[in-house]
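Single-structure report; data block below.
The values are calculated or read from the model by the stated rules, or taken from the named source; none is laboratory data. Please read these numbers as outputs of a predicted model, since none were measured by experiment. All Cβ positions, glycine included, derive from the backbone under ideal geometry; neighbour counts span all protein chains shown.
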Amino acid sequence: MVDKEKIATAEIFNELNQEQLEKIADLCEEVIFGDGDKIFTDGKTIDSFFILVEGSVDLRFEIPFRKTSKEMTVVTIEPGECFGWSAIVPPHQATLSGYSVGTSKAARIAGDKFLSLCERNSYIGYLIMRKLATTIASRLTKQREIFIKDIGDNLQFKW
């Protein structure tokens with residue numbers, strides 16, 4: 001269990017009351033990642049959802065036969081933001097890879113336990129999934145911007 005105050009500032013939980021936050025906190029366990037730790041892999045099954053408490057996490061594209069780098073970062077997760085949402089949305093496959101930048105601390109929630117809570121309390125599920133949809137839309141927009149910039153660069157330099 002994680003102290004509910006550590007997750008209370010998370011955007012995805014900001015509409016929950018104290019009792020609802022306590023139910024979420026009961027599912028959480030604190031995890032610490034070292035600099036460069038790979039938390040999950042693009043295209044692979046993911047079973048945990050995270051709320052970043054300290055540090056930062058890069059969500060990056062993986063390109064076959066090429067080592068990942070900061071340049072492949074789509075978004076950097078800051079404290080209070082969620083990541084690993086694929087653990088609670090079928091087919092439960094990560095859409096990017098997650099890498100810790102420096103030492104990072106997060107609240108980890110098992111996807112199956114989180115979904116079970118949402119099934120038992122549909123109002124909590126509704127509030128969270130509505131926020132999650134906004135988060136996903138924002139990240140898709142960032143990916144689109146990267147894609148458009150890349151196309152523009154390729155056209156400009158005729159690659």
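Going by the structure shown, is residue 133 assigned to a helix (DSSP H, G or I) and without any contact (Cβ under 8 Å) to a residue 12 or more places away in the chain?
Yes, satisfied.
Return the residues of segment 26-49 that are farther than 17 Å from residue 115 by Cβ, out of contact with any Gly (no Cβ under 6 Å at 6 or more places or on another chain) and touching a residue at least 60 places away in the same chain (Cβ under 8 Å); say none if nothing qualifies.
Passing the criteria: 30, 31, 32, 33, 34, 36, 37, 38.
May I ask you to list the residues in segment 44-70 that are assigned to a loop (DSSP other than H, G, I, E, B), crowded, with 19+ Cβ neighbours inside 10 Å and in contact with a Leu (Cβ under 8 Å, 6 or more places away or on another chain)?
If the condition is that a residue be assigned to a loop (DSSP other than H, G, I, E, B), crowded, with 19+ Cβ neighbours inside 10 Å and in contact with a Leu (Cβ under 8 Å, 6 or more places away or on another chain), then no residue fits.
Which one is nearest to the chain's Cα centre (by Cα), of the residues in segment 23-43 that are surrounded by 13 or more Cβ atoms within 10 Å (Cβ to Cβ), among the acidic types (Asp, Glu) and outside any strand (DSSP E or B)?
Ranking the qualifying residues of segment 23-43, first place goes to 42.
Look through segment 71-81, keep the residues that are of a type in the set (A, V, I, L, M, F, W, C) and assigned to a strand (DSSP E or B), and return whichever of them is nearest to residue 9 (Cα to Cα).
Checking each candidate, the answer is 77.
List every residue pair whose Cβ atoms lie under 7 Å apart, where the two residues are 6 or more positions apart in sequence or sit on different chains, the first residue falls within segment 86-109 and is under 16 Å from residue 68 (Cβ atoms) and modelled with pLDDT under 95, and the second residue, located anywhere, is polar (S, T, N, Q) and not in a strand (DSSP E or B).
95/86
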